[in-house]
1. What order do LYS36, LYS43 take when sorted by accessible area (1.4 Å probe), most exposed first?
2. For MET34, MET11, MET44, MET27, write out the residues from largest to smallest accessible area, computed with a 1.4 angstrom probe and no ligands counted.
3. What nm distance separates the two modelled labels at GLN38 and ARG26, each placed 7 Å from Cα along Cα→Cβ?
4. In Å², and per residue, what accessible area does the range 1-47 have when probed at 1.4 Å with the other protein chains present?
5. What do you reckon, how do PHE18, PHE3 stack up by accessible area (1.4 Å probe), largest on top?
Amino acid sequence: MLFQVFTPECMIHYLRIFNFLWRAKRMEYCLTEMWKQQMTNRKMLKSLPGNLFLRYSNYSMQSCFHKKHY
């Protein structure tokens with residue numbers, strides 16, 4: 001359908017833009033899910049003693065940075 005409106009060169013540009021936007025939307029989704037999980041964990045762990053809470057928070061943040069979402 002799009003090939004009837006766009007030239008082959010335009011289709012290549014369209015595909016590149018679409019793929020970029022798709023990856024950006026996927027990253028937004030992943031970051032939102034990680035944020036929700038962090039807020040849930042924060043509420044749950046607030047009642048723990050200070051040292052244990054800090055240790056878990058540090059571990060949790062490190063695990064977020066090591067996850068790869070492509």
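The values are calculated or read from the model by the stated rules, or taken from the named source; none is laboratory data. This is a predicted model, so every value here is computed, not measured. A quick note on method: Cβ atoms are made from the backbone with ideal geometry, for glycine too, and the neighbour counts reach across all protein chains shown. Just so you know, the surface numbers come from the protein's heavy atoms only, side chains and all, with ligands and any DNA or RNA stripped out. Shrake-Rupley method; radii C 1.70, N 1.55, O 1.52, S 1.80 Å.
1. Details: LYS36 100, LYS43 155 Å².
Solvent-accessible surface, decreasing: LYS43, LYS36.
2. MET44, MET27, MET11, MET34
3. Taking the two extended label points, one gets 2.2 nm.
4. For the range 1-47, the solvent-accessible area averages 97 Å² per residue.
5. Working: PHE18 95, PHE3 145 Å².
So, going from the largest accessible area down, we get PHE3, PHE18.
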